[in-house]
Amino acid sequence: MKLIGRKDTGARPAPAGRQDEHAEVDTDTWAQSADDTQQGLPAQRSYGPESLVRISAQQLVDAVGRYPATADDESAGEPEDAASFETALAAREQAALETRHRSAADAGDPGAASQLGALLLRRGDLEDAEPYLRAAAAAGLRAAANNLGVLLHQRGHRTEAAQWWRQAAVAGSAPAAHALGLQLRDQGEEEAAEYWLHFAAEHGHPLGAYALGDLMEHRRDVRAERWFKVSADAGHREAAYRLARMREAAGDKDTAETWYRTAAARSHARAALRLGVLLEERGELDEAARWYRQSAQNGEPRAACALGFLLRDAGDLAAAAEWWQEAAEAGDGNAANALGALHAGRGEAAEAERWYRAALDAGDHNGAFNLGLLCAGTGRDAQAEQWYRRAAYAGHREACNALAVVLLQRGDESGAEPWFSKAAEAGSVDGAFNLGVLHAGRGELPQAHEWYARAAAEGHGEAALQLAVVHEQRGNPTGALERYRQAAVGGSAEGAFRLASVLERRGDADAEVEHWYAVAAEADHRRAQVRMGVRAAERGELQTAEHWYRRAAEAGSRSAAFNLGLLLARQDSESEAMLWYTRAADAGHGRAALRLALLALRRGEPVQAENWCRRAAESGPAEVAERAARLLGALNAELSA
């Protein structure tokens with residue numbers, strides 16, 4: 001609400017950064033001139049600077065005494081403290097002005113009564129202010145009528161307050177129209193409220209324009225944007241923020257950013273947060289961090305959380321943890337979860353659990369899901385299921401999927417299926433894929449392919465791989481290639497390997513073939529690692545070939561072990577080659593067993609050679625088995641001779 005009494009020329013916005021972004025009443029102390037005499041109201045006496053009592057500095061010092069200087073005060077040793085002097089001077093002038101107003105008001109001057117009433121109202125002296133404001137309002141002064149409405153509203157006399165505001169508004173007071181409009185809105189009389197708020201806005205009242213925009217947005221009236229802009233142009237930071245949100249929702253991010261900047265420059269915490277988000281989305285991380293920091297310092301925990309993630313991504317975990325803790329302690333569940341994950345990654349399960357519980361207490365059901373993951377990781381399966389179930393019932397889609405997996409693993413397929421369905425319908429790509437697996441296991445292929453397709457459409461690589469295999473089985477190489485590519489892009493190592501294999505068979509661009517084999521190999525796909533080794537060996541890059549063979553062999557690939565043995569033998573490392581041949585043969589590699597048989601023969605060890613021949617014949621393939629049989633026959637003939 002607006003107090004009126006100082007000599008001004010109309011409504012003015014509060015200084016930037018001083019408006020309460022949640023308040024919808026005027027935050028200006030004064031906005032309408034006390035000598036505003038339009039609409040046929042009686043003229044009011046003007047009290048200007050010339051009427052103030054003037055006293056000298058020495059007179060003031062004599063009256064109030066000197067102020068002692070502190071030891072660290074730069075002005076120590078000077079006659080007076082300058083700031084204290086100015087404060088005391090202003091207080092003395094105010095007291096003198098009040099005395100003059102009171103004298104004139106008591107003598108029947110309505111203008112002085114209005115000025116005095118406003119002064120007392122601003123000071124909170126409602127008892128003393130009321131009779132003066134009533135007298136001035138009864139004399140027809142609209143400023144007094146508005147301020148009397150403010151006083152009565154503060155005392156809870158809303159009906160009478162509205163009567164005086166209406167009288168002032170009819171006489172042309174924009175602040176009174178604004179206050180009346182707000183009260184009518186709160187009473188549910190939206191049509192009447194809109195009329196008076198429109199009046200206030202049209203008469204240049206920025207808070208009236210904001211309240212009108214707010215009312216219209218509530219009704220989804222497109223005119224809301226216009227009034228938010230009017231208010232924002234006049235310095236209302238919440239209006240600038242609301243306008244930015246509207247423009248962002250309409251897809252106009254450039255204009256939205258402009259208004260976010262306007263509001264953020266006036267210390268609007270949520271505007272600074274949204275500005276940071278926009279900047280982060282386009283990669284301007286330094287400036288995003290600056291606005292997140294400002295927003296966090298103005299009390300927005302979500303900004304502190306976002307700043308923590310930026311710092312984490314920059315490698316500064318210590319600073320990230322500090323901001324997350326500040327946000328978490330202010331009730332931000334996302335930050336509490338981040339802290340929990342940080343401690344879990346360090347193996348600090350108890351501390352992780354504390355923060356996950358804090359997230360859950362803050363209403364973030366990710367906390368329950370994370371507690372489930374933590375319990376599962378430490379072997380507490382029963383507790384994990386309980387936490388998954390709690391999060392799942394709260395609608396956490398990944399918890400639905402995790403709970404279904406737990407149920408399926410213990411053989412409860414009928415219990416798992418509804419949770420897979422709930423996860424998938426809520427948008428969980430893993431849930432959709434798992435539901436496809438469930439249907440495929442029952443032989444319900446159309447349903448399985450439908451869920452695979454839904455998961456693949458959301459970028460699930462393994463789902464795309466399943467569809468690619470179906471296309472290949474049906475003789476549709478084009479469809480298979482497209483799905484293999486989708487699987488590879490979606491992160492499926494098998495998809496990348498198969499894509500490279502198809503491209504290699506077709507004789508397509510060698511660089512792309514190499515790329516996808518490398519993608520799969522780096523993801524520890526052993527067959528891809530063997531192919532990388534073979535291709536490197538063909539180019540004569542023996543060191544690279546050895547790297548890939550050794551990496552695959554150590555992971556258990558018998559083909560890689562055999563190839564590594566061949567490579568080492570060519571490099572005169574026969575003893576190590578024998579070790580890898582043996583590892584490959586023990587894993588069922590027929591060619592490695594045949595190679596060991598031949599080496600045994602060279603060393604004059606026919607019994608060993610016979611044993612390796614038998615194993616080669618058993619392991620195959622057919623060509624190797626045939627050669628092993630011939631060698632074994634020759635050995636038997638020689639041994640029996």
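Determine the shape class of the range 290-347: with a ≥ b ≥ c the square roots of the Cα gyration tensor eigenvalues, call it rounded for a/c under 1.5, and otherwise prolate if a/b is greater than b/c, oblate otherwise. Judged from the Cα gyration tensor, the range 290-347 comes out oblate (a/c at least 1.5, b/c at or above a/b).
Just to confirm a number: summing +1 for Lys and Arg and -1 for Asp and Glu over residues other than H449 whose beta-carbon lies under 12 angstrom from that of H449, what do you get? Residues close to H449 contribute a combined charge of +1. What is the range 442-582's relative contact order, in percent, from Cα pairs under 8 angstrom and six or more apart in sequence? Reported relative contact order: 12 percent. Full extension of the chain between Q473 and H547 gives 23.2 nm of extra length, using 0.36 nm per residue less the Cα-Cα distance. Take 588-595, 498-505, 93-100 and order them by the average number of nearby Cβ atoms within 10 Å per residue, most first; the result is 588-595, 498-505, 93-100.
Remark: the range 629-636, residue by residue, has Karplus-estimated 3J(HN,Hα) of 5, 5, 5, 5, x, 5, 5, 5 Hz, where x stands for each Gly or Pro and the curve is 6.51 cos²θ - 1.76 cosθ + 1.60 at θ = phi - 60°.
Treating r as the C-beta distance of E329 and A349 and R0 as 30 Å, the FRET efficiency rounds to 0.90. The residue among A341, G111, A622 whose Cα reaches farthest toward the positive pole of the charge dipole of the chain, with charges on the beta-carbon of Lys, Arg, Asp and Glu, is A622. Spacing of the modelled spin labels on E189 and V170, each 7 Å from Cα toward Cβ, amounts to 1.3 nm. What net charge is computed for the residues neighbouring A95, neighbours being all others with C-beta under 12 Å from the C-beta of A95, Lys and Arg scored +1, Asp and Glu -1? Around A95, the charge tally is +2.
What the range 389-540 shows is 47 Å² of accessible area per residue, with the surface traced by a 1.4 Å probe over protein heavy atoms.
The magnitude of the dipole of the range 306-384, with charges of +1 and -1 set on the Cβ of Lys/Arg and Asp/Glu and taken from the Cα centre, is near 260 debye.
Descending by average beta-carbon neighbour count within 10 Å, the peptides 560-566, 519-525 line up as 560-566, 519-525, the highest first. Solvent-accessible surface (1.4 Å probe) assigned to D109 amounts to roughly 20 Å². The string of couplings for the range 329-340 from the Karplus curve (6.51, -1.76, 1.60, θ = phi - 60°) is 5, 8, x, 8, x, 4, 5, 4, 5, 5, 5, x Hz, one whole number per residue in order, with x for Gly and Pro.
Counted over the chain with a bin width of 20 Å, the fraction of Cα pairs per bin, in whole percents, is 13, 27, 28, 15, 11, 5, 1, 0.
Tally Lys and Arg at +1 and Asp and Glu at -1 over the other residues with C-beta under 13 Å from the C-beta of A585: what net charge comes out?
+4
Each residue of the range 459-476 is assigned a 3J(HN,Hα), and the resulting list reads x, 7, x, 5, 5, 4, 4, 4, 5, 4, 4, 4, 4, 5, 5, 8, x, 10 Hz, derived from the Karplus form 6.51 cos²θ - 1.76 cosθ + 1.60 (θ = phi - 60°), x at Gly and Pro.
By per-residue mean of other Cβ atoms within 10 Å, what is the highest-first order of 135-145, 408-418, 480-490? Let's see the in-between values first.
On the way: 135-145: 25.4, 408-418: 13.6, 480-490: 22.1.
Ranking, from highest mean packing down: 135-145, 480-490, 408-418.
Here the accessible area of the chain is 48 percent carbon and sulfur, with a 1.4 angstrom probe and all protein chains present.
Placing +1 on the Cβ of every Lys and Arg and -1 on the Cβ of every Asp and Glu, with nothing else charged, gives the chain a dipole about its Cα centre of roughly 1640 debye. Length available on full extension from R220 to E284: 0.36 nm per residue minus the Cα-Cα distance, which gives 19.7 nm. Per residue, the range 172-283 exposes 39 Å² of solvent-accessible protein surface, assessed with a 1.4 angstrom probe and all protein chains in place. Stretching the chain fully between R357 and T159 yields a gain of 66.4 nm (0.36 nm per residue, less the alpha carbon separation). In the chain, helical runs assigned H by DSSP with n ≥ 4 each contribute -39500 (n - 2.57); averaged across all residues and rounded to the nearest 500, the mean residue ellipticity at 222 nm is -23000 deg cm²/dmol.
If you average over every viewing direction, what projected area does the convex hull of the Cα atoms of the range 302-461 give, in nm²? The partial results should precede the final answer.
Details: hull surface 40.1 nm².
Its Cα hull, projected and averaged over all orientations, spans 10.0 nm².
The values are calculated or read from the model by the stated rules, or taken from the named source; none is laboratory data. All of these numbers come straight from a predicted model, not from anything done at the bench. As a convention, Cβ positions derive from the backbone with ideal geometry for all residues, glycine included, and neighbour counts pool all protein chains shown. Please note that ligands, DNA and RNA were not included when accessible areas were found on the heavy atoms of the full protein model with its side chains. Shrake-Rupley method; radii C 1.70, N 1.55, O 1.52, S 1.80 Å.
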